[in-house]
1. What whole-number value in Å² describes the accessible area per residue of segment 104-160 for a 1.4 Å probe?
2. Can you tell me which lysines have their Cα less than 27 Å from the Cα of residue 132? Leave out same-chain residues fewer than eight positions away.
3. Between residue 222 and residue 144, how many nm apart are label points set 7 Å from Cα along the C-beta direction?
4. So, R0 is 35 Å and r is the distance between the beta-carbons of residue 110 and residue 26; what FRET efficiency does that work out to, to 0.05?
5. Using the heavy atoms of the protein chains alone and a 1.4 angstrom probe, what is the accessible area of segment 188-273 per residue in square angstrom?
6. Take the Cα radius of gyration of the chain and divide it by 2.2 N^0.38 Å, with N its residue count; two decimals is plenty.
7. Determine the calculated [θ] at 222 nm for the chain from helices alone, applying -39500 (n - 2.57) to every DSSP H run no shorter than 4 residues and normalising by the residue count; nearest 500 deg cm²/dmol.
8. What ranking, highest mean first, results for peptides 196-207, 37-48 when packing means the other Cβ atoms within 10 Å averaged over each residue?
Amino acid sequence: MNSRNIFIVAFLMLATVLTQIADAQSRTDVVEKFNEGFEQVQAGEDLAAIETFEETLELAEAVGGEVDDIRDRVRSQIPQLYFRHAANLFRAGNIDAAIDAFQETINYAEQYGDNNTRTRAENILPRLYLSKGNAQYRDGELNAALEAYDNALERNPNYPQAVYQKGLVYRQMDDLDGALQQFDQAIDLALNAGEMDMVDRASRAAQDYLIYLGGNAKEDENYSRALDLLQQALAYDESSAEVFYRLAEVHNNLGNWDEALQNGNIAIEHESGGPTDQAKIWFEIGLAYKNQQNEAQACEAFQNASYGSFQAAAEHELEYELDCARAEN
């Protein structure tokens, strides 16, 4: 047999094989494979269903246009199934696996043109990284937590919660500048987003940290540092009774009686609590009046301070340091 005849025979054999394949991969075969995947979906076997649907697509490609309807249904199902798989991992508390699965969801959604599922997965990923970072923060894994928060911000730069958490990490690291920078950024982002609860949380966190450090500086008798920190704290809440009380404390330690009275009186104006909450402020006011030799005002202030944990100290001032009985007469 010459070469031309051999080629013709080979071509005829190939044509026969292709015809047999096309006959084997009919619409019925595609429907059966699709139904197999659908049963797996109903059974909650999402990964198995995805694999079956991918096989369905392969069969559909071989059959051609008569199964376009099935092909379209399968292409819309695969990203959604992977999304559900990822969500189940998150609900089970497996955050790392959920993060990987949502990233894979995005890949599937891009492959099959499912923009809605892709957007949903992209919106969830920053929240997952936030959850991961929060868990690491609670466990004291501060550098790992920062990395997780940065991953969240890489996917959503306007995410005030992640920035706020970074501020808490820097606070834990005793990095004042780093913490305030993050808290300030969180406040700005939250204001732009209208998230006033986050504005309040970040402002309180910054102010509380500055008050804490100011108190430590006072205890170390570093009064200039204490005043600087407390003045910074006022920037986050100009009506903070606690800050003005602390300023009164420092000025009393410095012998600045007028400044102590000024800050003490402002603290009283802004203190919304009852006599027990006001007692510490009245005590500082009493000390300032006492050192100004204003005995009548000092007696009145210490009388107002005679509540709660300041009661004993105030009564000592009233009974032994000042002649308040004579002053009343």
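The values are calculated or read from the model by the stated rules, or taken from the named source; none is laboratory data. Predicted model only: the values in this text are computed from it and were never measured. Note that each Cβ is placed from the backbone with ideal geometry, even for glycine, and that neighbours are counted across all protein chains shown. Just the protein is used for accessible areas: all its heavy atoms, side chains included, with ligands, DNA and RNA removed. Shrake-Rupley method; radii C 1.70, N 1.55, O 1.52, S 1.80 Å.
1. 52 Å²
2. 166
3. 3.2 nm
4. 0.65
5. 50 Å²
6. In units of the 2.2 N^0.38 Å rule of thumb, it is 1.80.
7. -27000 deg cm²/dmol
8. Result, highest mean first: 196-207, 37-48.
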